1. Let me cross-check H318: its accessible surface, 1.4 Å probe, with only protein heavy atoms counted, in Å² to the nearest 10?
2. Contact order normalised by length for the range 234-389, with contacts defined as Cα pairs under 8 Å and 6 or more residues apart; what percent is it?
3. For the chain, what is the percent of antiparallel DSSP beta bridges, rounded to the nearest 5?
4. Report, to two decimal places, the Cα Rg of the range 254-385 normalised by 2.2 N^0.38 Å (N = number of residues).
5. For the pairs K251/K279; K204/K230; K172/K230; K120/K228, flag any whose C-alpha to C-alpha distance is greater than 28 Å.
6. With a 1.4 Å probe and all protein chains kept in place, how do R355, R269 rank by accessible area, largest first?
7. Over the range 164-312, what is the relative contact order in whole percent, taking alpha-carbon pairs under 8 Å and six or more residues apart?
8. Using a Förster radius of 30 Å, what is the FRET efficiency between E375 and R9 based on their Cβ-Cβ separation? Nearest 0.05, please.
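The values are calculated or read from the model by the stated rules, or taken from the named source; none is laboratory data. Note that this is a predicted model, so its numbers are computed, not measured. Positions of Cβ are backbone-derived with ideal geometry, glycine not excepted, and every protein chain shown enters the neighbour counts. Each accessible area value is taken on the protein alone, full model and side chains, heavy atoms only, with ligands, DNA and RNA left out. Shrake-Rupley method; radii C 1.70, N 1.55, O 1.52, S 1.80 Å.
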Amino acid sequence: MTSLKGERRLETELVHAGELRPRIAGAVNAPIFQSSTFEFANEGSYHDVRYIRLNNTPNHVILHEKLARLERAEAALVTSSGMAAISATFLGLLSQGDHIIAHRSLYGGTHSFVAKDLPKLGIETTFVDADDPASWQRALRPTTRIFYIESITNPILEVVDFMAVIEFCRAKGLVSVIDNTCATPVNFRPIEVGVDLVLHSATKYLNGHSDIVAGAVMGSSGHIEAIKRKLDHLGGSLDPHACFLLHRGLKTLALRVRHQNESALQVARFLEQHPAVAKVNYPGLETHPRHARAREYFRGSGGLLSFELKGGVAAADHLFGRIELPAIAPSLGGPETLITRPATTSHAGMESDERAQQGISDALIRVSIGLEATEDLIDDFGQALDGSY
Ligand SMILES: *Cc1c(COP(=O)(O)O)cnc(C)c1O
């Protein structure tokens, strides 16, 4: 099995990187290798025996190469979910007694894993404001190993000071880890600016069709090897059929994300000038507190936005009752526009004041822009807001 080499533009890598050459029986699409085990070929170690759980079937190998090229990383690993990528990364790199510094606002599953599960293994986390470098030295311990952030946070759409995080990690010998799910590699490739490890919930934009759960980790071969060994033991391997769907979804990533960038910006602008709207969070808006940073480093601001209505929870209920196109559902990154109130879904497990500390009011509305015509979405938000002010 050989593959195309050399650095090409992202759109080309999405289609060609990692593809089987020669093509099997001439098939333009790589087939699904629905085989749990493969003939012995003198593999030297347990981790190299070809077996689905060991993440090394042809469907895995194709994806590893494509995903690595996508983030301009040396190596990549595909996993059975975003949380499998996140948990295998922490468990693969850390031992009892180690310490993590993490941004205070993280994806709920990640927050709960580091705050509740890792302490039972003797791994502690200090939460900081990753936009306030002056506060980090106080959090640092001799045992600190990882600084963990997200490139765009959800649902407030913060863009933290990741360049200062990278510098801090270099100076202190820490591994910088960034969850790049919401920005996507179309808009931002953290490894190009010096981040050590990139994580994805491939469930979201990478697959892009709301039909599988998957994850990915990208970074140096050494880090990926350590994380793969942990994943091999934890068992969080992606099934070959889901590998195939992720592979298929990836080919259109650039087209989808560019449409979602453009559409989200237009919807954000529409909402911002609407008399019923109190506040819109979107890094592409000039009013976003870190708009300059997003413009400097991101090629687009992504498909997620959140907003609050002047009429609060009652007005949000009114909107949810009238909106027609968006599905009222959690998750993000698919073809359908999705709308949620984080206080009742993703962040329902927190107390109201805990949410408020993270800037998540009970009235906050989060939107994942899909692939519908922008004008239809704007018309729909317009009609749904009628009578709410
Ligand atoms: C959804 C999500 C995850 C978790 O991914 P799963 O595929 O659901 O396990 C992690 N990080 C972010 C930013 C997410 O949006």
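1. That residue has around 60 Å² of solvent-accessible surface.
2. For the range 234-389, the relative contact order is 25 percent.
3. 55
4. The reported ratio for this selection is 1.00.
5. Over 28 Å Cα-Cα: K251/K279.
6. Highest to lowest solvent-accessible surface, that is R269, R355.
7. 21
8. Efficiency, from the Cβ-Cβ distance: 0.50.
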